[in-house]
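Report on one structure; see the data block that follows.
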Amino acid sequence: MPADAPSLIPSAFAQLHRQPDPGLQEVPGLLERLAEVPDPRDPRSVRHALASRSR
């Protein structure tokens with residue numbers, strides 16, 4: 001009975017190495033990536049009661 005491969009990580013790395021390197025123009029910058037993420041804040045600007053307590 002053949003043994004299973006101990007990990008799939010080496011085969012995943014082999015797939016990554018076959019990809020062509022992107023040019024600098026093809027790689028988006030940090031600000032472009034952050035612009036794609038939706039704003040998690042409440043649009044009503046209501047803060048959580050615990051975080052807005054003052055002493």
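Here, each number is a calculation from the coordinates, and none is a lab measurement. Please read all numbers here as calculations on a predicted model, not as lab measurements. Ideal geometry is used to build each Cβ from the backbone, glycine not excepted, and the neighbour counts take in all protein chains shown.
Estimated at 0.36 nm per residue, the fully extended path between residue 33 and residue 7 surpasses their Cα-Cα distance by 6.2 nm.
Each Lys or Arg adds one and each Asp or Glu subtracts one; over the other residues with Cβ under 12 Å from the Cβ of residue 27, this totals -2.
Net length available on complete extension from residue 15 to residue 41 is 5.6 nm, with 0.36 nm assigned per residue and the Cα-Cα distance removed.
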